[in-house]
Amino acid sequence: MNEKTKVLAFGEIMMRLSPPDNLRLEQASTFEVRYGGAEANAALSLAYQGDDAAFVSIVPANRIGDCALRSLASYGVDVSRVVRSGDRLGSYFFEVGASVRSNGCVYDRKYSAISLAGHDELDWGAILEGVGAFYVSGVTPAVSEEMALACEEALAACRERGITTILDLNYRGKLWSPERAQAVMARLMPHVDVCVANDEDAPSALGMTCVSGSLSNGIEERDDYVEMARQICERYGCGMVASVIRDVRSVEDSDWMGMVYADGEPHFSSVHHVHVLEGVAAGDAYGAGLVHALLHGFDLDHASEYAIAASVLKLTIHGDSNLVTPAEIEAVASKGAGTRVAR
């Protein structure tokens, strides 16, 4: 990959409805409307960093579908490959938590256009034209068996064409079971070059037992992440595994670091103590930060610092979109310069 590489992300974009001011759903009389989804968030973040980013999905040909795609295109994401069919854009209700009350998510995505679509609606020969890197997460194959098959076909087509493949495990327990996830990932992972995994996703999506899945003491268990990455590379032939590692004390208070593992060696980032404004889509921001670093030829220590800096910056922004520039990310990656006032 290089800085001119077109990165194509494949997944579902949805309407997000959130009560304002940390209200609970039961208290809400109005909702803030935004659009997002794991892969759409990554594509937007890449485009905002100045990279050539495209998005493919199946989106209804109606005004709501238009709004969703406009939310990406307005920031420079190429949406020309999106298939317009079906009747309904999926949605979800996101409730921002506080202190010991976790964030809440209620899906309303059943019968969405992409969940009802057949895998043959996506012509990967045409869709992958001019693409140099392909990005997908575990959310997309969880949508339906047809989309799991579409992911498998896409990844296999990328491998045949020499297109770099990036898969974020991104396990969602509300969408599928560990048993189904592991059966599908067994088909997908042999086609993956770069795997983004943490100690929550790897046990459920890959059946791994070397990590605890605890959010409270991940940094202390960093050696377990190294073993997880080693096993993923050995089992599936991935060239790189990247992870967000966290110690979470409350919704607003946590420590974050990253790890990039390649050629048998881990590259850990600095630890960032973060006061979280909104804890959503930070993993998508991490994936986009990592891809940006790889596109621009960063060494692995720099890539590790850059990716986690992109992730923690997302925690300071409302909504799903990580609207930060490479200069802003580098300022945080360079250990604290980002806290200075820009004059």
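Considering only residues that are within 18 Å of F268 (Cα to Cα), of a type in the set (A, V, I, L, M) and open to solvent by less than 40 Å² (accessible area, probe 1.4 Å), which ones fall in region 201-249?
Matches in region 201-249: V211, I219, V226, M228, A229, I232, M240, V241, A242, V244, I245.
In region 322-341, which residue that is at pLDDT below 95 and out of contact with any Asp or Glu (no Cβ under 9 Å at 6 or more places or on another chain) is surrounded by the most Cβ atoms within 10 Å (Cβ to Cβ)?
G336
When residues of region 187-211 are filtered for being out of contact with any Phe, Trp or Tyr (no Cβ under 9 Å at 6 or more places or on another chain), assigned to a helix (DSSP H, G or I) and over 30 Å from R161 (Cβ atoms), how many remain?
Final tally of qualifying residues: 0.
Looking only at region 287-297, decide whether some residue is farther than 26 Å from R230 by Cα and surrounded by fewer than 14 Cβ atoms within 10 Å (Cβ to Cβ). Even if it seems obvious, please write down each step before you answer.
Initially, region 287-297 is screened for residues farther than 26 Å from R230 by Cα, giving none.
No, region 287-297 contains no residue that is farther than 26 Å from R230 by Cα and surrounded by fewer than 14 Cβ atoms within 10 Å (Cβ to Cβ).
Could you tell me whether region 267-275 includes any residue that is open to solvent by less than 20 Å² (accessible area, probe 1.4 Å) and within 22 Å of Y171 (Cβ to Cβ)? Can you show your working first?
Initial filter on region 267-275 (open to solvent by less than 20 Å² (accessible area, probe 1.4 Å)): 269, 274.
So of that shortlist, the ones also within 22 Å of Y171 (Cβ to Cβ) come out as none.
Looking for residues that are open to solvent by less than 20 Å² (accessible area, probe 1.4 Å) and within 22 Å of Y171 (Cβ to Cβ), one finds none in region 267-275, hence no.
What is the residue count in region 273-324 for residues that are more than 16 Å from E3 (Cα to Cα) and either assigned to a loop (DSSP other than H, G, I, E, B) or among the aromatic types (F, W, Y) (or both)?
17
Please identify the pairs in which a residue from region 58-76 that is touching a residue at least 24 places away in the same chain (Cβ under 8 Å) has its Cβ atom under 9 Å from the Cβ atom of a residue that is of a type in the set (V, I, T) and surrounded by fewer than 16 Cβ atoms within 10 Å (Cβ to Cβ), counting only partners at least 6 apart or on another chain.
Listed by first residue and then by second, the contacts come to C67/V33.
Restricted to region 250-266, and to residues that are small (G, A, S) and in a strand (DSSP E or B), which residue is surrounded by the most Cβ atoms within 10 Å (Cβ to Cβ)?
Applying the filter and picking the extreme gives G258.
The values are calculated or read from the model by the stated rules, or taken from the named source; none is laboratory data. Here the structure is a predicted model, which is why all the values come from computation and not from measurement. Note that each Cβ is placed from the backbone with ideal geometry, even for glycine, and that neighbours are counted across all protein chains shown. Each accessible area value is taken on the protein alone, full model and side chains, heavy atoms only, with ligands, DNA and RNA left out. Shrake-Rupley method; radii C 1.70, N 1.55, O 1.52, S 1.80 Å.
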